[in-house]
Amino acid sequence: MAQSFFGGIHPHDKKAATNKKPIEKLPPPEQVVIPMSLHIGAPCRPCVAVGDQVRVGQVIGEATAFVCAPIHASISGTVTAVEPRPHFNGTNVLSVVIKNDFEETLDPSVRPAEDPDSLTPEELTEIVKNAGVVGLGGATFPTHVKISSGLGKVDTVIINAAECEPYLTSDHRILLEYPEEVIGGAKLLAKIFKVDKVHVGIETNKMNAAELLKRKIEEEHAPVVVDVLHARYPQGAEKQLCQALTGRQVPPGQLPAAIGCAVFSTATTAAIYRAVYKGLPVISRVVTVTGSGVMEPKNLECPVGTPLSDLLNCCGGVSERTYKLIMGGPMMGHAQYSAEVPVGKGTNGLVAFAKDEERTVKEPACIRCGKCTSVCPMRLQPLFLYKYERKDMVEALEAANILDCIECGACAYICPGRLHLVHSMRMGKQKVNAAKAAAKRAAEEAAAKAEAARAAKENKEG
């Protein structure tokens, strides 16, 4: 069944430092800082105040829109602040700060569903929604929205176990240590979408996990199949994974549901299982802490909202030569200006660089070699998009489909001129979206003025 996809690169996976290290529980943090924006979509509204006592799993952020996911307390303790705090996106975001009482008291709402086998797809989706499950592979799109929008359209459900990003091994360890949760979540997805089987796409550098899954699937007679794929970046991007497994290509501007596919990460699938069978919302996550700057790389499970500094301290700290800290992987992650920003639902990795990995130059220059175009998995032309963005040619950016860019970084990785291509793509997308928003506002204002003029004319004639 394995196919291929256009473009892509083969970076060294750099996973050896942590791929054989079991998941460790982080010592409980003194406090957590939980932003009210841990997902794509509208931020949550805090429903606790300073001085409140909260329990593990208690809702502290209420959803304010359909594309939103509730947020829960990841520890028990006292709310000490509800105020803007530094966020991993580089801004200050309204956050709930909880001082740990170290009691780990569970909220009464944390209880498994009664008779899960009798639940309808709609009831299962509601449980997923209330548990605050989002895309834990990094995208953080609310999972209940993806499910709801795909019902009746999806004929192929895919579990994304590719984990193609260099350095990261959190999904690999989840597969090895919690295979029952992944398979159980896959069975729930099969029931929700009413499909005969669910496909797990996994790369050849994780064959021990692939073989373990196959044995467990056979033991349980689960409607799940494992598809082994040759390691290639960015195979873990959902559009590329769809093509690699089904041969179908997602049209420009569309989502996998347009070709009958729905993709869920390994961690998300396990979270769906825990929400239904254990009643647990998303309150923790597994983070790979690694890189040349980390003294003792590990895979750590920690509460959402834990400061990054706690994770680094648990790994023996960082080298004095550390010059860059990235949340996520080196290809698609975001550099952090402080180690005090909190772990989010989509934080799957923390990478510190201290050696000679820096490749930026003072004066990057395009030599028109075309390598960026040859590796772009979305068939874009990064060299032209870069030029258009630098010259604020917004209409040209939109016409060249910059919004289809998945920011995978393949172009920047291969570029001999060291252009800041990913940064330019992000800026270009912001400019296009800003122009669209401005055009929409102008159209609405024009329509309002026309309506007011029409009403005034009618009143005058009347």
(message) For the chain, what does the helix formula give at 222 nm: sum of -39500 (n - 2.57) over DSSP H segments with n ≥ 4, over the residue count, nearest 500 deg cm²/dmol?
(response) -10000 deg cm²/dmol
(request) For the range 1-80, report the accessible area per residue in Å² (1.4 Å probe, heavy atoms, rounded to an integer). (result) 46
(message) Can you give the FRET efficiency to the nearest 0.05 for CYS47 and GLU104, using r as the Cβ-Cβ distance and R₀ = 30 Å?
(response) 0.90
(request) Sort GLU114, GLU62, GLU218 from largest to smallest accessible area, using a 1.4 Å probe on the heavy atoms of the protein chains. (result) GLU114, GLU218, GLU62
(request) Read through the labelled values (i) 48, 32, 20; (ii) 37, 24, 19; (iii) 33, 30, 26 and report the label of the one computed as semi-axes √(5λ) of the Cα gyration tensor in Å from the structure. (result) (iii)
(message) Loop by DSSP (not H, G, I, E, B), at most 13 other beta-carbon atoms within 10 Å: where is the longest site-free stretch of the chain for chymotrypsin sites (Phe, Trp or Tyr not before Pro)?
(response) 103-322
(request) Take the Cα coordinates of the range 47-128, assign each an equal point scatterer, and use the Debye formula without solvent to give log10 I(q)/I(0) at q = 0.18, 0.26 Å⁻¹. (result) -0.88, -1.24
(request) Calculate the dipole size of the range 182-254 relative to its Cα centre from +1 charges on Lys and Arg beta carbons and -1 charges on Asp and Glu beta carbons; express the result in debye to the nearest 20. (result) 180
(request) Using a 1.4 angstrom probe on the protein heavy atoms only, line up MET427, MET295 by accessible area, largest first. (result) MET295, MET427
(request) Taking amide H positions as placed in the peptide plane 1.01 Å from N, state which residues far from GLU83 in sequence (5 or more) or on other chains have amide H under 5 Å from it. (result) SER95, VAL97
(message) I'd like the accessible area for CYS408, computed on protein heavy atoms only with a 1.4 Å probe and all protein chains in place. Round to 10 Å², please.
(response) 10
(message) Roughly how far apart, in whole Å, are the Cα centres of the range 212-226 and the range 129-183?
(response) 18
(request) Taking the Cα centre of the chain as origin, sum charge times position over the Cβ atoms of Lys and Arg (+1) and Asp and Glu (-1), and report the length of that vector in debye to the nearest 20. (result) 1580
(request) Measure off 7 Å from each Cα along the Cα-to-Cβ vector at ARG390 and GLU62, then give the distance between these two points in nanometres to one decimal. (result) 5.1
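Among CYS411, CYS47, what's the order by accessible area (1.4 angstrom probe), most exposed first?
Sorted descending by solvent-accessible area, the residues read CYS47, CYS411.
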(message) Tell me the net charge near ILE217. Cut-off is 13 Å between Cβ atoms, ILE217 excluded, with +1 for each Lys or Arg and -1 for each Asp or Glu.
(response) -1
(request) May I ask which of LYS197/LYS239; LYS387/LYS436; LYS129/LYS298; LYS146/LYS429 have a Cα-Cα span longer than 24 Å here? (result) LYS129/LYS298
(request) At 1.4 Å probe size, with every protein chain present, just tell me what the per residue accessible area of the range 248-355 comes to in Å². (result) 33
(request) State the percentage of accessible surface on the chain attributable to carbon and sulfur atoms; use a 1.4 Å probe and exclude ligands, DNA and RNA. (result) 52
(request) Starting from the alpha-carbon convex hull of the range 227-291, give the projected area averaged over all orientations, in nm². (result) 6.7
(message) I'd like to know which of SER118, GLY132, VAL96 lies farthest towards the positive end of the charge dipole of the range 93-132, counting +1 on Cβ of Lys and Arg and -1 on Cβ of Asp and Glu.
(response) VAL96
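Go through the range 349-395 and name the GluC sites (Glu not before Pro) that are in a DSSP coil and have 14 or fewer other Cβ atoms within 10 Å of their Cβ. Provide the component values of the computation, followed by the final result.
Details: sites: GLU357, GLU358, GLU389, GLU395; in loops: GLU357, GLU358.
Listed in order of number, the matching sites are GLU357, GLU358.
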(request) State, to one decimal in nm, how far the label point of ARG248 lies from the label point of LYS214, with both points 7 Å from Cα in the Cβ direction. (result) 2.6
(message) Checking the a/c ratio against 1.5 first, then a/b against b/c, what shape does the Cα gyration tensor give for the range 89-146?
(response) oblate
(message) Give me the one-decimal nm value for the distance between modelled label points at ALA456 and LYS25, 7 Å along each residue's Cα-to-Cβ direction.
(response) 7.0
(request) Identify, among MET393, LEU229, SER424, the residue whose Cα sits farthest towards the positive end of the charge dipole of the chain, taking +1 on the Cβ of Lys and Arg and -1 on the Cβ of Asp and Glu, with the dipole about the Cα centre. (result) MET393
(request) May I ask which of LYS15/LYS355; LYS14/LYS324; LYS153/LYS206 have a Cα-Cα span longer than 22 Å here? (result) LYS153/LYS206
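The values are calculated or read from the model by the stated rules, or taken from the named source; none is laboratory data. As the structure is a prediction and not an experimental result, all values here were calculated from the model. So basically every Cβ, Gly included, is an ideal-geometry build from the backbone, and we count neighbours across all protein chains shown. These area figures cover heavy atoms from the full protein model, side chains too; ligands, DNA and RNA do not enter into them. Shrake-Rupley method; radii C 1.70, N 1.55, O 1.52, S 1.80 Å.
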